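Right, one structure below, let's go through it.
Nothing in this text is a laboratory measurement; each read-out follows from the coordinates by a stated rule. Computed from a prediction, not measured in an experiment: that's the story for all the values here. Cβ atoms come from the backbone with ideal geometry, glycine included; neighbour counts cover every protein chain shown.
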Amino acid sequence: MIGAEFKPLANIINPLGQRLHNIGVRINSASSELFQIGTLNSEINQQQDQIIKLQQQLVDQQLLELENKQLREELGFIKQSDFSFIPADVINNHPDQSRRMIRINLGSDDGVETDMSVVSRGVLVGVIDDVSSSYSRVVLVNDIDFRALVDVGELDGVLRGYPGGGLVVDRLLANNDIAPGDLVYTNGRDGIHPRGLLVGAINSINSESGDIFSSATIEYALPSQRLTSVLVIHE
């Protein structure tokens, strides 16, 4: 009789115990899954770190190859040129993104002066506009304040940069025989840049009927890649 009295209680306790047991199993299973997820996340993070390191190594290798290529081309230009040069490394770009400037690691202690031309592989890069004892700032050809006298075939004009980093030659006599593809060189008549430095090629010509002068946009001769070294012309 006593067992019969407690049988309903057992009927309550046993299912409750089974449910608690099931909950415990699920908790253990969830804990195991969380551990596995944590391990997986750790492995993913390690793989991501390895990928980042490999990507950085690839970038470093590409920069090294670019620097070597530029140096080989600079040496070829030096051997063929009659100019005197001061080789310089590019330190950084000017922080003001509205201007087109770079800084080099040479200054007055190295013989660098303002208004010296800066080239790379025979192409005009810009002009020295500010000099300290150890560093110098270069205004690039596509800066809005840059100016140089140039020749396009038999015509002379004024090279300048314009907002956005483009190049244009102004004050070309209209109705003359110039065409896209014609090369643009410095003519030396501004007293700053020596004659014969390549700038680029005519891209398009802009003129209106009856105008005395026309202008032309220029395709710059240097590849659109980071400059790592330049030559300062020291005549």
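Please go through segment 139-157 and give me each residue that is aliphatic (A, V, I, L, M), within 17 Å of A221 (Cβ to Cβ) and assigned to a strand (DSSP E or B), ordered by number. Lay out the reasoning, then the answer.
Just the residues of segment 139-157 that are aliphatic (A, V, I, L, M), to begin with: 139-141, 144, 148-150, 152, 155.
Still in the running and within 17 Å of A221 (Cβ to Cβ): 140-141, 148, 150, 152.
Result: L140, A148, V150, V152.
Restricting segment 178-235 to residues that are over 25 Å from I86 (Cβ atoms) and of a type in the set (D, E), which is surrounded by the fewest Cβ atoms within 10 Å (Cβ to Cβ)?
Step by step, filter segment 178-235, then rank; the result is E208.
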